[in-house]
Structure formats: C-alpha cells, structure tokens
Amino acid sequence: MQGIGDWLEARLPGLLEETGVPAAAVAVVRGDEIVDAAAGTLSAATGVAATTDAIFQVGSITKVLTATLVQQLVGEGLVELDRPVRTWLPDLRLGDEAAAAAITVRQLLTHTAGFEGDVFTDTGKGDDCVERYVDLLADVPQLFAPGELWSYNNAGFCVLGRLVEVVRGAPYDACLRTHLLDPLGMTGAATDPYEAVLHRVAVGHVETASGAGLHPTATWALARSNAPAGSMLAMRARDLVAFARHHLAAPALAAMREPQVGLPDLGQGEAWGLGWELFRLAPTPIVGHDGNTIGQSAFLRLVPEHDLAVAVLTNGGPAKLLHRAVTGQVLRELAGVDLPAPPVAPATPKPPDPARYVGTYASGVGETVVSRDEQGRLWLDRTPLGVLAEIDEPPYRTELVAWRGDTLWPVEPEGGVHQPVAFLGDDGTGRAAYLHTGRADRRIR
C-alpha cells in the first residue's frame, strides 16, 4: 500500500493538470490499510487547496447507502424484498395505479420499477421533505411494466428513503447517520450544506457552453427531497472507502453484489445488483457506483476477491478520464486486474438505417431529437429541461454512426467520453420505442 500511496502523492497533481479537473481526493483501502491523497483547488473563486480532509459530494453513490439501509431492514425481518412496497407505504400513488400496487422493494433497488425516474421536485428543507416528495408522485408516468426493463431511477430511491423513514420512525438523514455514518466512523460525512460548511468543502465547477471553460457553480446542492437518491451527501474519500470496507467485511451484505438484472448494451456495466452496479462479472468481479451532482463527480470501485476498494472524488471537468487513470493504476498494482475497457469507436464509421431511430424522445429532464440530414447521416440533439436546464446543463449535439446492432456510437464526446446510446423496443410500427442512455426515454413523436 505504501507504493500506491507514494504514486498518488507524486502523480495526482500532474493528472489534474493533464485532464483539467480542478481538484480530486482519492482513498484506497485493502483489508485494514487505508491510504489517501488530494490535490488541486476546491473552488476557483476562493483558491482554497484540496486536502485529504476536504469533503466532496458523492452524488448517486448515496443510493448504495440507501440500499444498505434497506438491506439492514431485510436482515432484521422488517422488510421483504419481493413484497409490494405498498405493504409499508400504503398511500403510494403513481400515474399507473396497477403498477403502483405491484412494484416491489427489489424492483426499486434494481431500477426496474418502470416509472419516470428523473423527478427533482423541491419540497423544502424540513424533515418531512421526502414524505412530501413521495406524496407528489401521483402523476409520474409509467414508462414500462414493472420488471420489464432496466432504467436508472432516482425517484425510486426517494421512495426507498421514505420506506426507511416509515419503518425506522425517523427522518432519512437521521437514519443514515444513526445506522451507517456514525457506526462506521465516517466522521467527515455531511448530510446537508449546514453540516458541510463546517468542513473544508469542494465546490462544483461547470461549463455552461462549449469552449466557455469551467467556473464555480452558483448552486452547491440539489433539493433535500432527493437526498436518498444522492442530492446532498458529501464526505472525505477515506469516509467512502470506510463504507466500502464495511461491505467487503460483512457477509450479510454480500447478496447485494449478486446480479439481479442485465443492462442494455451501452458499453458500461454488465448487470445491476441490489444498489450496486456490476461493472464486470468474470473472471474477477468489479462492482461499484458513480455519482454526479452539480459539477462534482464521484467514483467507487470494489474488487471483493482482493478485499480492495478505491474512491475518486472530483469537482469538475472530464472526471471520468481522471478516474480511469487513477483507479486503473490502483487495480493493476494491488489486484493485478484492469478496469473493463471503455467502448471503442468503430474502425469504419457507417451511417445506420435511420428508419428505426428517427423521432423525438423525452423525459422530465430532457428532450432528444434524432433526425436524418440530406446526406443520410443521423444526428442526435438533446435539449436539457427542468432541473438540468436550471443548473445550466449545456445542450448536446452529435452525429450517430453504426456500432453494435441497435446501439449507436456518438461521434462527439460528452464530458470527455463517448457514451453509446441504445434504441430498444418497438412502438408497433417497427420504430424504436425507447432511446436508452442509462435512462429509457420514451418516443413521443
């Protein structure tokens, strides 16, 4: 471990300069040993330097903590995975009554519940904000039948957070601190900005237009009502690997890493467990989760066979490039394994047959138009809506070329990486019913 610690101290500042990421904190745990490092600037507005005591938002990695709170309830016999969530939340209402009555706890944990997931309603800062949020889901549309498809679902984890509140009889933040943060010694963790301000805290950096450069965001966090999905939680890198070490050491939590549903062909993970993404199933499993908030990105990877975990926390720029450089080095040196290779562009790009793909696809946070030009080339234009527009998420335009079957390759990178998009299902006329980018956006035209 000393070797990887020395490498991080020597190499991390250079990697930040090479990638353009303002600051990063990294921690590695193997068995009972932890090393950490930090470099860069926490805010371009203040010039405060990053240290290992600095806290960064972990975003959707919070979902694994929420899933762990649910798994604790399962272990205590208070919740059953395959019973409808209405067993504990009888007042749950969604746009589709039959789906609301049928959705199980397991389907929420595995992102297969099927209702629109990017719902970021701000219901205030009070302890009742999650309860009020769930009460406002009655008009949320059902995209597909429960269990039919995988589609990343933030709102589903807010419902799970409310489940924890009801069974425990306490607000989500209190449950998180009482049952995870304090018992695991995660003393740098902050569940809201009021706690975060007491620490050395990272500020997200965003680019609101192509080529405009990064600048500190004017909004530090999203709404507290989405806390169980990842809108608030911040911590040190060493706090995050302390949580990972708990999972590596607790046999009762190993079931959460078992595959539950396969993922669409997006060039990312292979399957999803109970909260965890399974990036590789064999020969050496790699599990973890990523998180993105307003200008901050976090990455957590576990290699259970080697009792190893690494966390990379960042505050802007092409964070995935930094993550691959750091996490890749750690896994090679300490476990002799490589991260799954990123998707590779086709050697000879070809225009796909547009008939199945052309159309407009939408969700609550974006509208995507796939069109064909006069030369027969296929184009994707995405316009942010709702909360993404409010936080100045830039529009995205790229040509799409053939890649693997109904998964197409974007010629232009987004956030420094190329993320393939899949077209799934059939709208009854041979055209794709969904554009899948990790979320299933339904065809509307």
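The values are calculated or read from the model by the stated rules, or taken from the named source; none is laboratory data. Keep in mind it's a predicted model, so treat the numbers as computed, not measured. Don't worry about glycine lacking a Cβ; one is built from the backbone with ideal geometry, like all the others, and counts go over all protein chains shown.
Looking at Val369 and the list (1) part of a strand (DSSP E or B); (2) modelled with pLDDT under 95; (3) in contact with a Phe, Trp or Tyr (Cβ under 9 Å, 6 or more places away or on another chain), which single condition is not satisfied?
Here Val369 meets the rest and fails (2).
When you check Thr46 against the structure, is it among the polar types (S, T, N, Q), in a loop (DSSP other than H, G, I, E, B) and more than 24 Å from the chain's Cα centre (by Cα), yes or no?
Working: among the polar types (S, T, N, Q): yes; in a loop (DSSP other than H, G, I, E, B): yes; more than 24 Å from the chain's Cα centre (by Cα): yes.
For Thr46, the condition - among the polar types (S, T, N, Q), in a loop (DSSP other than H, G, I, E, B) and more than 24 Å from the chain's Cα centre (by Cα) - is met.
Using the structure shown, decide if Leu108 is assigned to a helix (DSSP H, G or I) and either in the same structural domain as Leu274 (by TED's automatic domain parsing) or touching a residue at least 24 places away in the same chain (Cβ under 8 Å) (or both). Even if it seems obvious, please write down each step before you answer.
Working: assigned to a helix (DSSP H, G or I): yes; either in the same structural domain as Leu274 (by TED's automatic domain parsing) or touching a residue at least 24 places away in the same chain (Cβ under 8 Å) (or both): yes.
Spelling it out, Leu108 is indeed assigned to a helix (DSSP H, G or I) and either in the same structural domain as Leu274 (by TED's automatic domain parsing) or touching a residue at least 24 places away in the same chain (Cβ under 8 Å) (or both).
Counting only residues that are among the β-branched types (Val, Ile, Thr) and outside any helix (DSSP H, G or I), which one in region 176-203 is surrounded by the most Cβ atoms within 10 Å (Cβ to Cβ)? Steps first, please.
Applying the first criterion (among the β-branched types (Val, Ile, Thr)) to region 176-203 yields 178, 187, 191, 197, 201, 203.
Then keep just the ones that are outside any helix (DSSP H, G or I); that gives 187, 191, 197, 201, 203.
Working: Thr187: 12, Thr191: 21, Val197: 10, Val201: 20, Val203: 24.
Top of the filtered list is Val203.
Within the set of pairs 6 or more residues apart or between chains, which connect a residue that is without any contact (Cβ under 8 Å) to a residue 60 or more places away in the chain inside region 286-302 to a residue that is assigned to a loop (DSSP other than H, G, I, E, B) and surrounded by fewer than 24 Cβ atoms within 10 Å (Cβ to Cβ) with Cβ atoms less than 8 Å apart?
So the pair list comes out as Ile286/Val337; Ile286/Leu339; Ile286/Pro340; Val287/Gly273; Arg301/Leu339.
Yes/no per residue for (1) at pLDDT 95 or above; (2) within 21 Å of the chain's Cα centre (by Cα):
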site: Pro285; (1), (2): yes, yes
site: Ala309; (1), (2): yes, yes
site: Leu321; (1), (2): no, yes
site: Arg332; (1), (2): yes, no
site: Pro346; (1), (2): no, no
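Could you list, in sequence order, all residues of region 215-233 that are within 16 Å of the chain's Cα centre (by Cα) and hydroxyl-bearing (Ser, Thr, Tyr)?
The one that is within 16 Å of the chain's Cα centre (by Cα) and hydroxyl-bearing (Ser, Thr, Tyr): Ser231.
Within region 56-67, can one find any residue that is in a loop (DSSP other than H, G, I, E, B) and surrounded by fewer than 23 Cβ atoms within 10 Å (Cβ to Cβ)? Break it down into steps so the answer makes sense when it comes.
Kept after step one, since they are in a loop (DSSP other than H, G, I, E, B), are these residues of region 56-67: 58.
Narrowing further to those that are surrounded by fewer than 23 Cβ atoms within 10 Å (Cβ to Cβ): none.
No, every residue in region 56-67 fails to be in a loop (DSSP other than H, G, I, E, B) and surrounded by fewer than 23 Cβ atoms within 10 Å (Cβ to Cβ).
Being surrounded by fewer than 24 Cβ atoms within 10 Å (Cβ to Cβ) and in contact (Cβ under 8 Å) with a residue 12 or more places away in the chain is true for just one of Ala27, Ala98, Ala102, Ala37. Which residue is that? Step through it out loud before you land on a result.
Details: Ala27 fails: surrounded by fewer than 24 Cβ atoms within 10 Å (Cβ to Cβ); Ala98 fails: in contact (Cβ under 8 Å) with a residue 12 or more places away in the chain; Ala37 fails: surrounded by fewer than 24 Cβ atoms within 10 Å (Cβ to Cβ).
Going through Ala27, Ala98, Ala102, Ala37 in turn, the sole match is Ala102.
Look at Thr208 and say whether it is touching a residue at least 60 places away in the same chain (Cβ under 8 Å), among the polar types (S, T, N, Q), closer than 30 Å to Ser43 by Cα and not assigned by TED's automatic domain parsing to the domain that holds Val119.
Details: touching a residue at least 60 places away in the same chain (Cβ under 8 Å): yes; among the polar types (S, T, N, Q): yes; closer than 30 Å to Ser43 by Cα: yes; not assigned by TED's automatic domain parsing to the domain that holds Val119: yes.
Considered against the rule, which asks whether it is touching a residue at least 60 places away in the same chain (Cβ under 8 Å), among the polar types (S, T, N, Q), closer than 30 Å to Ser43 by Cα and not assigned by TED's automatic domain parsing to the domain that holds Val119, Thr208 comes out as yes.
So is Val21 in a helix (DSSP H, G or I), in contact with a strand residue (DSSP E or B) (Cβ under 6 Å, 6 or more places away or on another chain), buried (at least 18 other Cβ atoms within 10 Å of the Cβ) and of a type outside the set (Gly, Ala, Ser) or not? Steps first, please.
Values: in a helix (DSSP H, G or I): no; in contact with a strand residue (DSSP E or B) (Cβ under 6 Å, 6 or more places away or on another chain): yes; buried (at least 18 other Cβ atoms within 10 Å of the Cβ): yes; of a type outside the set (Gly, Ala, Ser): yes.
For Val21, the condition - in a helix (DSSP H, G or I), in contact with a strand residue (DSSP E or B) (Cβ under 6 Å, 6 or more places away or on another chain), buried (at least 18 other Cβ atoms within 10 Å of the Cβ) and of a type outside the set (Gly, Ala, Ser) - is not met.
So that you can scan it fast, the table gives a plain yes or no per residue for (1) assigned to a strand (DSSP E or B); (2) under 25 Å from Ala145 (Cα atoms); (3) charged (D, E, K, R):
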residue	(1), (2), (3)
Ala341	no, no, no
Thr348	no, no, no
Thr383	yes, no, no
Glu399	yes, no, yes
Ala402	yes, no, no
Ala422	yes, yes, no
Gly428	no, yes, no
Ala432	no, yes, no
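May I ask you to list the residues in region 315-352 that are over 17 Å from Asp6 (Cα atoms), small (Gly, Ala, Ser) and without any contact (Cβ under 8 Å) to a residue 40 or more places away in the chain?
The answer is Gly336, Ala341, Ala347.
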